[in-house]
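Novice: Pasting a structure below so you can have a look.
The values are calculated or read from the model by the stated rules, or taken from the named source; none is laboratory data. Note that the coordinates shown come from a computational prediction; the quantities given were computed from them, not determined experimentally. For neighbour counting, all protein chains shown are included, and Cβ atoms are generated from backbone atoms with ideal geometry for every residue, glycine included. SASA here: full protein model, heavy atoms, side chains in, ligands and nucleic acids out. Shrake-Rupley method; radii C 1.70, N 1.55, O 1.52, S 1.80 Å.
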Amino acid sequence: MKGSIYGRVTTTDVLEAIIDPTRRRILDAIRDGERSVGELVEIVGMHQPGVSRHLKVLRDAGLVEVRKDANRRLYRLRPEPLRELDVWLEPYRLEWSNRLDSLERHLEQSAAPKDK
């Protein structure tokens, strides 16, 4: 898919990876530390080949990295792509926050008792 697993990852790659709810559950499971494939199988409730396919997508998007420990593979979160996505989303959050603040002010003014 990509020459360098982390070198050419785009925001689109990250979005495509996290759109799937199973992959988001895997990310949630490794957010606080490493997990083996066996642990992820239990958490996700899916057979090992399915979890492995999801982990490959997450690896290709640069969201997880793997470390070998004897005959086990341990997966951990790589937060950098999510931080980049967060930076990209910031102007949109700001815009919606401003719109919601304006709506709140409008509703407060509309609900205020009218003096006659």
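Novice: Quick check on my filter: what residues within region 47-58 are under 21 Å from V9 (Cβ atoms) and either surrounded by fewer than 16 Cβ atoms within 10 Å (Cβ to Cβ) or hydroxyl-bearing (S, T, Y) (or both)?
Specialist: Answer for region 47-58, where residues must be under 21 Å from V9 (Cβ atoms) and either surrounded by fewer than 16 Cβ atoms within 10 Å (Cβ to Cβ) or hydroxyl-bearing (S, T, Y) (or both): S52, R53, K56.
Novice: Output the residue which, of all residues in region 67-77 that are of a type outside the set (F, W, Y) and at pLDDT 95 or above, is most open to solvent (accessible area, probe 1.4 Å).
Specialist: R76
Novice: For region 1-32, what are the residues that are modelled with pLDDT under 85 and either of a type outside the set (S, T, N, Q) or touching a Ser or Thr at 6+ places or on another chain (Cβ under 7 Å) (or both)?
Specialist: Passing the criteria: M1, K2, G3, I5, Y6, G7, R8, V9.
Novice: Of everything in region 79-116, what is of a type in the set (G, A, S) and outside any helix (DSSP H, G or I)? Give them in sequence order.
Specialist: A112
Novice: Tell me, please, whether a residue that is β-branched (V, I, T), out of contact with any Lys or Arg (no Cβ under 9 Å at 6 or more places or on another chain) and touching a residue at least 24 places away in the same chain (Cβ under 8 Å) can be found in region 41-58.
Specialist: Scanning region 41-58, I find at least one residue that is β-branched (V, I, T), out of contact with any Lys or Arg (no Cβ under 9 Å at 6 or more places or on another chain) and touching a residue at least 24 places away in the same chain (Cβ under 8 Å), so the answer is yes.
Residues are listed down the side, and each one gets a yes or a no for (1) of a type in the set (A, V, I, L, M); (2) open to solvent by 80 Å² or more (accessible area, probe 1.4 Å):
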{"residue": "D20", "(1), (2)": "no, no"}
{"residue": "I30", "(1), (2)": "yes, no"}
{"residue": "G45", "(1), (2)": "no, no"}
{"residue": "D60", "(1), (2)": "no, no"}
{"residue": "W88", "(1), (2)": "no, yes"}
